[in-house]
Structures are given as C-alpha cells and as structure tokens.
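The values are calculated or read from the model by the stated rules, or taken from the named source; none is laboratory data. Remember, it's a predicted structure, so these values are computed and weren't measured experimentally. Quick reminder, even Gly has a Cβ in these numbers, built from the backbone with ideal geometry, and neighbours come from all protein chains shown.
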Amino acid sequence: MTYVIAEPCIGEKNGACVDVCPAGCIHTTPEAPQNYIDPAVCIECEQCVLVCPVNAVFLDQELPAEWVHFTEVNAGFFQTNKPLGTLTSAEATGMVAAVAAYAARSGLTVSVTVLDREGSILTAEGADAEEAARRAYTALMYGIATHELQPTSKPLWRQPSEIDVSRVLMTPGGYPVIEGVETLGAVGVAGAPAAQVMLCCQAAVEFRFSHSPL
Ligand code: SF4
Ligand code: SF4
C-alpha cells in the first residue's frame, strides 16, 4: 500500500504535505501540475492527509473510482524523474578547472569547493576553500543558489533536520547542481566580490551541464 495524491492537488500544489512528510517522499518539479508521492518510500504515516487543504491524498486502495489512475500517475513521476546520482570526482575536477579559467580571464584569485550530493568534499582549492565549502553546503541543502536565500527560506528538497547549521553560510557564491528532482551536489566559490563569485559558480555549473553524461 501507499498514499497517492490525486486530481484536487492540480492547481493547488501548495506543498503543505511536503513540509510534514517524515520520509521526504513527496516531490514535484516547477513544470509538473501537482505533487507526487514516491510509493517506494512512503511509510503510510498519513501526515500528508491531515494537512491537505483540498483532500487530495488517499490510500491507494481507497481512491475514488475516477482517480484510480493516479496510482500510476504518482509512480510514473518517479520513473520519469529517476535518481541521477551524484557529482563525480572527475566532474568536480572539470568544474574547478572551469572556475579557474573564468577567474584567470577576469584577473581574479578565488577559492572553490565542490561537494557531492551528501555534502562530502570532492575538490577544494584555495585559501578560502572552507568558506567556499560552506556556501556550497548551503546551496546543496536548500536546493537553491545562496544569493536567492532569505533567513526564513526553507529547504526545497531536504528535511530541516538533515541540515548541519554549523556548515550553513547564506552569502552569495553557492550554487546547487540540480537535474530533475535530484540535487547532485554543489559548488561554492569565495575570495572575490559577490557578483564575481556568482559568475564563477555559473561557469562551474555550465561546465557540468555541457559535459552531462545523460
Ligand atoms: S503517508 Fe506519510 S510518508 Fe507517505 S507521503 Fe504521506 S506524509 Fe509522506
Ligand atoms: S497538501 Fe494537498 S494540495 Fe497541497 S501539495 Fe500536498 S497534496 Fe497537493
């Protein structure tokens, strides 16, 4: 059994269920019309049912007849958006090289750190690599570039309990690397003004996507 999100979520999609799901198994994409429950991860705790303002969530066996197909719709979302894994060391090396090339063209000396999806360091270079790592970690955990964060921002994909607040630094210069619903890792840059470290991060992310294995 699993819980399933049905048609009433379409057009509503307010994310209340995402905030309470202890398994972190409710996801969507900006383009998708609704949220979806991953049947392989749902622990059937019913928390999402309790908070949904439009009664969109049902146990699969209790779906109204006209919405039975939403079992396939929910599962299908996770087939289409399969986990894509993590950044590799080779990709991190290339991303750092892309940052170095941009910095050299701009007359900058910067530090750069690339993290994998778990927040482990793949590559760290420069005197301010620790600051760069904190920016990368923040982008990784919140699923958004650090210059877009507000003190009240919530993580897009992670549970708040996953975040090590001692590693968080909400200053510009951290970018996540996201494909589909997966955050593959992140890059952080430090040692230059905000606008420049952001451009360095963009060079790294652009490198990753121009060399995507997909
Ligand atoms: S039933 Fe529980 S685990 Fe399953 S999607 Fe709802 S909140 Fe998440
Ligand atoms: S709480 Fe209900 S309407 Fe809101 S995103 Fe979840 S299922 Fe959709």
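Tabulated data for the structure shown
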{"quantity": "Test: PRO30 is more than 10 Å from ligand 2 (Cβ to nearest atom), in contact with a helix residue (DSSP H, G or I) (Cβ under 6 Å, 6 or more places away or on another chain) and not basic (Lys, Arg)", "calculated": "no"}
{"quantity": "Residues of segment 1-31 that turn out to be more than 19 Å from PRO155 (Cβ to Cβ) and in contact (Cβ under 8 Å) with a residue 12 or more places away in the chain, as a count", "calculated": "12"}
{"quantity": "Verdict on VAL68 being over 30 Å from GLY174 (Cα atoms) and either in contact (Cβ under 8 Å) with a residue 60 or more places away in the chain or not assigned by TED's automatic domain parsing to the domain that holds GLU125 (or both)", "calculated": "yes"}
{"quantity": "Some residue of segment 196-208 being under 30 Å from PHE78 (Cα atoms), within 16 Å of the chain's Cα centre (by Cα) and of a type in the set (Phe, Trp, Tyr)", "calculated": "no"}
{"quantity": "Segment 38-53 - residue that is touching a Cys at 6+ places or on another chain (Cβ under 7 Å) and at pLDDT 95 or above and, of those, nearest to ligand 2 (Cβ to nearest atom)", "calculated": "CYS52"}
{"quantity": "Where a residue in segment 119-138 is free of Cβ contacts under 8 Å to residues at least 24 places away in the same chain and its partner, wherever it lies, is in a helix (DSSP H, G or I), with Cβ under 7 Å and at least six apart", "calculated": "ILE121/ALA133; ALA124/ALA133"}
{"quantity": "Qualifying position, being surrounded by 17 or more Cβ atoms within 10 Å (Cβ to Cβ) and of a type in the set (S, T, N, Q), among THR109, THR183", "calculated": "THR183"}
{"quantity": "Conditions (1) surrounded by 14 or more Cβ atoms within 10 Å (Cβ to Cβ); (2) within 16 Å of ligand 2 (Cβ to nearest atom); number of the one not met by PRO64", "calculated": "(1)"}
{"quantity": "Criterion violated by TYR36 - all others in (1) of a type in the set (Ser, Thr, Tyr); (2) surrounded by 13 or more Cβ atoms within 10 Å (Cβ to Cβ); (3) without any contact (Cβ under 8 Å) to a residue 40 or more places away in the chain satisfied", "calculated": "(3)"}
